[in-house]
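Undergrad: Quick one: this structure, given as structure tokens, is what I'll be asking you about.
The values are calculated or read from the model by the stated rules, or taken from the named source; none is laboratory data. As the structure is a computational prediction, the values presented were derived from the model and not from experiment. Cβ placement follows ideal geometry from the backbone for every residue including glycine, while neighbour counts extend to all protein chains displayed. Quick note on the areas: whole protein, heavy atoms, side chains included, nothing else; ligands and nucleic acids left out. Shrake-Rupley method; radii C 1.70, N 1.55, O 1.52, S 1.80 Å.
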Amino acid sequence: MDYLKKWRRDRADMKAIINAESSEDENDLNDIISGSEIETMFVEKGASSKNKESDTFNDDLESDALNDDLESDALNEDNDFGYFEGVEVSSDSGSEIIGEEEEEELHVNDKTLATDLATWSTEFKLPRDGVNSLLQILRKHGHSLPKDSRTLLQTPSSVESEDKCGGQYKYYGIDDGLNRLLDQYQSLWSLCTLKIFVNIDGVPIFKSCGTQFWPILCSVENKAPFLVALFYGNSKPNSVCQFLNDFLEEIALLVRDGFSYKSKKYNIELSGFICDAPARAFLKCTKNHTGYYSCERCTIPGYYKSNRVVFFSVNDFPKRTYEDFCRQKYEDHQLSKSPLNDVVNCVDGFCLDYMHLVCLGVVKRILCYLKNGPKECKLSARQVSQISDALVSLNGLFPSEFARQPRSLYELERWKATEFRQFLLYSGPVVLKKIVPKKLYEHFLTLTVALSILLDCNDAKRNVYMNYARQLLKYFVQNCKEVYTEIFVSYNVHSLLHLADDVEHFQCSLNKISAFPYENYLHQIKRLVRNAKNPLAQVSKRLTEIKTFERKVVSANTKYNIAFISTKQKDSCFMLHSEDFAFVKEKRPDGKLVCEVVRQRDADNFFEKPCDSKLVNIVYIGGRTRTSRKLLEKCELFRKVICLPYSSGHVLFPLLHGVERRD
């Protein structure tokens, strides 16, 4: 510690002075080293030593050499100086020597500080150089901390991986991920069966080369995903059997024997896989989505037209079955036997993920056709400009749950999946109205209404209107030929016919079987790579650091799950359990909310085709709509509502998803 070094250095200097003076005149020494002068000399020497840090090492060597002699001399000189460990020295400067107990306390405090620094570093994913610089500063100020962040974070010196499937591979395990998941989410403790969904997808690491990760991710009850295995290579794994071997062995044991956590045993069920089309084809060993017989749910044959495979047909085709798939009866569809045949239903157990299928597939295709498509559906430059201006005018009006505000169609190539979802469910019905042809607008609304039904978290209401949503999707696909021409019906558009089957099979909304949370986690994994040297080892080391120092926060059961409440307009509108609408006007100190409530029956429909907009809780409120002021509890708020201006009033859309990830 710095104060101990200074003390030893001062004692050595004083001993040198005493020896020098005693050799010349021993009698003068008694006059020179009176108590007050020695104390003054000690204080001045201590003050000047702060500016001599560069000499600390040499001074320490000297003080160590003279330490024993000085201590013995001091004991024989009636303790004139009184410089002993654990004894305070009174002086004008107030200097004191820290005792052993206080020194021990400082060491304890430094250990706590080290843990806090490590937790802070992993939470904010700080670079190693920055943490090293901070440690150096703190060490200069007397804190006993490691010199290097790798010691602080307990970073493993090496990572074991194996060469497999044409690249590097590391298996982390399902058991460890489930333990951490149950540590974090108390709401899972009451379950008897843990239903696991699996996501496998490729993610490019760098823009300048083709190297990529292929992780195996798992989640339970739509909670945060965890990493089970990671593959790194120049392309996808060259053998699906080897790639899945460790995972299949462990999941088979867990399904057979169950999983134990804190003396409670849980049953394990592999519910399904949530992947995009290329990953599904890779895992199921089937033809890719560009093939003629690539539909995963029915036997419709595609045909080639205008440089693409089209799946337009007014007829229904037989559905594929799990039994025939296992027997490899679909020779035009299957390439070989999948290693997943024995553990999951390879037909219904693979979700048609709506993030890739609808948002990045169908909605993006609609907007591209409107902007640069065939002349039958292409909008004029003026119409595109009007829609873009309308979108930009909505910037800042979407609630805080949205990571991105609307952008113009001129930036369409840069839109993310969440922006296409935003356009489909909220902004699209507003900005397209009175700009695009009526036929096109009503056709677009059929997709909006159908997805609003399938995304509804109210199980009872969703099940009532399930068949209606299926009919709307069928109408949308069959009428694409008239609105966007025949070549519009690609693999993604055709697969809309089978989207409702997933909701019915898994008995949940599309939100719970979408790839949005997995894509967010893939983004986090990618950010753990800091340079091009051995990315897999980097990810493994960062994950070990996070596991060691992550904050142990237990998420308890809560009935209230609305993230943002404010009196600002964008965060003040909510739908109640009665399906009426409330606008927060005042937040009281006791937690209650003063709200203006609009009954849904007093509001108007925003559109009436393909159905009344009130069916999916979309309403229009004008300036003369009746309101009543009420005092509400937070628990009475059911979900957030997006309030967008239109004409002389506002259109209200219920929020159909959770909080979006912020970059």
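Undergrad: Take the conditions in contact with a Phe, Trp or Tyr (Cβ under 8 Å, 6 or more places away or on another chain), open to solvent by 10 Å² or more (accessible area, probe 1.4 Å) and under 24 Å from ILE453 (Cβ atoms) and apply them to LYS364. Does it pass?
TA: Working: in contact with a Phe, Trp or Tyr (Cβ under 8 Å, 6 or more places away or on another chain): yes; open to solvent by 10 Å² or more (accessible area, probe 1.4 Å): yes; under 24 Å from ILE453 (Cβ atoms): yes.
So LYS364 passes the test.
Undergrad: List the residue pairs whose Cβ atoms are under 7 Å apart, where the first residue sits in the stretch 258-271 and is part of a loop (DSSP other than H, G, I, E, B), the second is surrounded by fewer than 16 Cβ atoms within 10 Å (Cβ to Cβ), and the two are 6 or more positions apart or on different chains.
TA: From residues that are part of a loop (DSSP other than H, G, I, E, B), the pairs are GLY258/LYS265; GLY258/ASN267.
Undergrad: Continuing with this model, one more query. I'd like the full set of residues that are open to solvent by 30 Å² or more (accessible area, probe 1.4 Å) and either at pLDDT 95 or above or farther than 26 Å from ALA460 by Cβ (or both), limited to the stretch 568-579. Spell out how you get there, then give the answer.
TA: Within the stretch 568-579, the first condition is being open to solvent by 30 Å² or more (accessible area, probe 1.4 Å), and the residues that meet it are 568-570, 577-579.
Across the stretch 568-579, the qualifying residues are LYS568, GLN569, LYS570.
Undergrad: For the stretch 388-403, state whether one or more residues are crowded, with 19+ Cβ neighbours inside 10 Å, among the charged types (D, E, K, R), at pLDDT below 95 and part of a loop (DSSP other than H, G, I, E, B).
TA: No, every residue in the stretch 388-403 fails to be crowded, with 19+ Cβ neighbours inside 10 Å, among the charged types (D, E, K, R), at pLDDT below 95 and part of a loop (DSSP other than H, G, I, E, B).
Undergrad: Any residue at all in the stretch 549-567 that is modelled with pLDDT of 95 or more and either in contact with a Cys (Cβ under 7 Å, 6 or more places away or on another chain) or open to solvent by 30 Å² or more (accessible area, probe 1.4 Å) (or both)? Quick ask: steps written out before the conclusion?
TA: Narrowing the stretch 549-567 to residues modelled with pLDDT of 95 or more: none.
No, there is no match, as no residue in the stretch 549-567 is modelled with pLDDT of 95 or more and either in contact with a Cys (Cβ under 7 Å, 6 or more places away or on another chain) or open to solvent by 30 Å² or more (accessible area, probe 1.4 Å) (or both).
Undergrad: Within the stretch 433-447, take every residue that is within 16 Å of SER380 (Cβ to Cβ) and open to solvent by less than 50 Å² (accessible area, probe 1.4 Å) and give me the one that is nearest to the chain's Cα centre (by Cα).
TA: Across the stretch 433-447, the extreme among qualifying residues is TYR441.
Undergrad: Let me ask you something else. Which residues, taken from the stretch 607-639, are open to solvent by 20 Å² or more (accessible area, probe 1.4 Å), aliphatic (A, V, I, L, M) and assigned to a loop (DSSP other than H, G, I, E, B)?
TA: none
Undergrad: Right, another one. Considering the stretch 451-469 alone, what residues qualify as being in a helix (DSSP H, G or I) and under 32 Å from the mean Cα position of the chain (by Cα)?
TA: Filtering the stretch 451-469 down to residues in a helix (DSSP H, G or I) leaves 451-454, 459-464, 466-469.
Result: LEU451, SER452, ILE453, LEU454, ASP459, ALA460, LYS461, ARG462, ASN463, MET466, ALA469.
Undergrad: Considering every residue within the stretch 339-349, establish whether at least one is over 32 Å from the mean Cα position of the chain (by Cα), small (Gly, Ala, Ser) and either more than 16 Å from SER495 (Cα to Cα) or in a loop (DSSP other than H, G, I, E, B) (or both).
TA: Within the stretch 339-349, none of the residues are over 32 Å from the mean Cα position of the chain (by Cα), small (Gly, Ala, Ser) and either more than 16 Å from SER495 (Cα to Cα) or in a loop (DSSP other than H, G, I, E, B) (or both).
Undergrad: Would you pick out the residues in the stretch 640-659 that are within 30 Å of ALA515 (Cβ to Cβ), open to solvent by 10 Å² or more (accessible area, probe 1.4 Å) and either of a type outside the set (Val, Ile, Thr) or touching a His at 6+ places or on another chain (Cβ under 9 Å) (or both)? Can you show your working first?
TA: Step one: of the stretch 640-659, the residues within 30 Å of ALA515 (Cβ to Cβ) are 640-644, 651-659.
When the remaining residues are screened for being open to solvent by 10 Å² or more (accessible area, probe 1.4 Å), the result is 643, 655-659.
The answer is CYS643, LEU655, LEU656, HIS657, GLY658.
Residue-by-condition table, conditions (1) touching a residue at least 24 places away in the same chain (Cβ under 8 Å); (2) of a type outside the set (Lys, Arg):
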position	(1), (2)
ARG421	yes, no
ILE435	yes, yes
TYR441	no, yes
ALA450	yes, yes
CYS457	yes, yes
ALA460	no, yes
TYR465	yes, yes
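Undergrad: Scan the stretch 278-298 and tell me whether some residue there is closer than 24 Å to ILE251 by Cα, out of contact with any strand residue (DSSP E or B) (no Cβ under 9 Å at 6 or more places or on another chain) and of a type in the set (Lys, Arg).
TA: No, the stretch 278-298 has no match at all.
Undergrad: Working only within the stretch 297-338, note down all residues that are touching a Lys or Arg at 6+ places or on another chain (Cβ under 9 Å) and assigned to a helix (DSSP H, G or I).
TA: Across the stretch 297-338, the qualifying residues are GLU323, PHE325, CYS326.
Undergrad: So how many residues does the stretch 194-238 have that are open to solvent by 10 Å² or more (accessible area, probe 1.4 Å), within 22 Å of ILE513 (Cα to Cα) and under 18 Å from the mean Cα position of the chain (by Cα)?
TA: In the first step, residues of the stretch 194-238 are kept if they are open to solvent by 10 Å² or more (accessible area, probe 1.4 Å); the result is 195, 197, 201-212, 214, 221-227, 232, 234-236, 238.
Still in the running and within 22 Å of ILE513 (Cα to Cα): 195, 197, 201-203, 214, 221-227.
Next, from what is left, pick out any that are under 18 Å from the mean Cα position of the chain (by Cα): 197, 201-203, 214, 221-227.
Looking only at that region, the number is 12.
Undergrad: Pick from the stretch 161-184 the residues that are basic (Lys, Arg) and within 26 Å of the chain's Cα centre (by Cα): which of them is least open to solvent (accessible area, probe 1.4 Å)?
TA: Top of the filtered list is LYS170.
Each row is one residue, and each column tells you yes or no for (1) among the aromatic types (Phe, Trp, Tyr); (2) touching a residue at least 60 places away in the same chain (Cβ under 8 Å); (3) not in a helix (DSSP H, G or I).
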{"residue": "ILE196", "(1), (2), (3)": "no, yes, yes"}
{"residue": "PHE213", "(1), (2), (3)": "yes, yes, yes"}
{"residue": "CYS218", "(1), (2), (3)": "no, no, yes"}
{"residue": "LYS223", "(1), (2), (3)": "no, no, yes"}
{"residue": "VAL228", "(1), (2), (3)": "no, no, yes"}
{"residue": "PHE231", "(1), (2), (3)": "yes, yes, yes"}
{"residue": "GLN242", "(1), (2), (3)": "no, yes, no"}
{"residue": "GLU249", "(1), (2), (3)": "no, no, no"}
{"residue": "ALA252", "(1), (2), (3)": "no, yes, no"}
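Undergrad: Among the residues of the stretch 580-606, which ones are within 31 Å of the chain's Cα centre (by Cα) and among the charged types (D, E, K, R)?
TA: Answer for the stretch 580-606, where residues must be within 31 Å of the chain's Cα centre (by Cα) and among the charged types (D, E, K, R): just LYS587.
Undergrad: Quick test for you: out of LEU335, LEU340, pick the one residue that is crowded, with 20+ Cβ neighbours inside 10 Å, more than 30 Å from GLU413 (Cα to Cα), of a type in the set (A, V, I, L, M, F, W, C) and modelled with pLDDT of 95 or more.
TA: On the way: LEU335 fails: crowded, with 20+ Cβ neighbours inside 10 Å.
None of the other options fit; the residue is LEU340.
Undergrad: Cβ-Cβ distance below 7 Å, separation of 6 or more or different chains: which pairs start in the stretch 297-316 with a residue that is without any contact (Cβ under 8 Å) to a residue 40 or more places away in the chain and end on one that is part of a loop (DSSP other than H, G, I, E, B) and open to solvent by less than 40 Å² (accessible area, probe 1.4 Å)?
TA: THR299/ARG320; SER313/ILE300
Undergrad: Which pairs do you get when a residue that is without any contact (Cβ under 8 Å) to a residue 60 or more places away in the chain and surrounded by 16 or more Cβ atoms within 10 Å (Cβ to Cβ), found in the stretch 498-509, comes within reach of a residue that is among the hydroxyl-bearing types (Ser, Thr, Tyr) and outside any helix (DSSP H, G or I), reach meaning Cβ atoms under 7 angstrom, with the pair 6+ apart or on two chains?
TA: VAL503/SER509
Undergrad: Okay, moving on. For the list (1) under 24 Å from the mean Cα position of the chain (by Cα); (2) part of a loop (DSSP other than H, G, I, E, B), I need the number of the one condition that PHE423 fails.
TA: So the condition that PHE423 fails would be (2).
Undergrad: Oh, and also: Looking at TYR261, TYR266, TYR303, can you tell me which residue is open to solvent by 20 Å² or more (accessible area, probe 1.4 Å) and hydroxyl-bearing (Ser, Thr, Tyr)? Explain how you work it out, then say what you get.
TA: Values: TYR261 fails: open to solvent by 20 Å² or more (accessible area, probe 1.4 Å); TYR266 fails: open to solvent by 20 Å² or more (accessible area, probe 1.4 Å).
None of the others qualify; the one that does is TYR303.
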